[in-house]
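Here the structure is laid out as structure tokens; the discussion comes afterwards.
Coordinate-derived values only; no laboratory data. Bear in mind that the values here come from a model prediction, so they are computed numbers and not experimental data. Note: ideal-geometry Cβ built from the backbone for every residue, glycine included; neighbour counts use all protein chains shown.
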Amino acid sequence: MIDRFRTHMQAMQTLQRAQEITANNLANINTAGFKSGKMFQSILNEEIDGEVFTSVQTGSRPVMTQGVFEQTGNDFDFAINGRGFFVVEEGGREFLTRSGRFTLDGNGSLRNERGGQVMGQDGPITLPELNQAIGENREVKFEVGSDGTIRVNDRIRDRLRMVEPDNMDRLQRHAGMYFHADEEYVTLNDDERSTVLQGYFEKSNVNTLEEMVDMMQTMQMFESAQRALRTADEMLSQATNKLGQY
């Protein structure tokens with residue numbers, strides 16, 4: 001009977017975790033470059049003093065399918081066609097992102113929506129002459145090639161740093177649009193295969209209909225598990241009352 005309680009409780013905890021993942025996906029429908037998450041389970045068998053204990057661990061893995069590209073005409077919007085990621089620095093740490101909605105700050109530094117510095121081949125990208133020209137309303141030509149090369153008035157200024165992780169499943173999600181790569185599990189290789197599209201950004205890859213269906217199914221299974229747990233509790237109460245009569 002106790003094992004039955006444990007089974008129902010584990011099922012409810014797993015379903016609650018699945019619902020949290022679905023809710024996070026739906027909350028980020030409009031987050032550029034967001035990758036939806038899917039729950040996974042792993043069963044671990046551990047032997048202690050000759051007895052085998054089984055535990056179920058749950059987690060979330062990002063779904064790395066490419067989102068739809070939306071054309072904006074904004075010269076500071078970029079999308080990566082391929083498996084690569086932009087690299088940004090925020091709070092002294094480097095993160096990977098598929099969101100390429102960038103802007104120039106007052107010092108000419110290229111930054112993303114969160115204020116993180118966009119990284120080039122030699123560090124943070126700064127374009128002071130472009131910033132000055134825009135501030136003075138002077139005509140200026142700003143182009144980013146398919147390989148990420150940045151040109152201002154046909155002069156090469158830098159190149160967007162793009163990397164491709166060798167193990168997507170081990171990327172750690174951080175703050176919605178960001179991923180962190182632990183060097184112990186993930187190697188970042190320079191991405192020479194992906195291409196950059198200027199004037200576009202990648203939308204979230206969340207499928208709203210699928211997420212709503214998943215949410216409804218999870219709620220139904222959770223309610224079933226609740227009823228099963230309630231039934232087990234009633235059976236245990238009846239058995240305890242009968243034993244008390246003897």
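Report the local net charge at Glu164: Lys and Arg +1, Asp and Glu -1, summed over other residues whose C-beta lies under 9 Å from its C-beta. Could you put the intermediate results ahead of the total?
Details: positive: Arg83, Arg193; negative: Asp166, Asp190, Asp191, Glu192.
Result for the neighbourhood of Glu164: -2.
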Practice task
Would you mind working out the magnitude of the charge dipole of the stretch 47-177 relative to its Cα centre, with +1 at each Lys and Arg C-beta and -1 at each Asp and Glu C-beta, to the nearest 20 Debye?
Solution key: 320 debye
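Note down the relative contact order for the stretch 69-202 as a percent, whole number, built from C-alpha pairs under 8 angstrom at least six residues apart. Let's see the in-between values first.
Working: 300 pairs, mean separation 45.9, N = 134.
In percent, rounded to a whole number, it is 34.
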Practice task
Mind checking which of Ser109, Thr72, Phe86 is farthest towards the positive end of the stretch 69-202's charge dipole, using Cβ charges of +1 (Lys, Arg) and -1 (Asp, Glu) about the Cα centre?
Solution key: Thr72
Completion exercise
Total charge of the residues flanking Glu192 in space, meaning their Cβ is under 15 Å from its Cβ, with Lys and Arg +1 and Asp and Glu -1, is -1
Exercise for the section: Order these peptides, 166-172, 91-97, by their mean beta-carbon neighbour count within 10 angstrom, highest first. Expected result: 91-97, 166-172
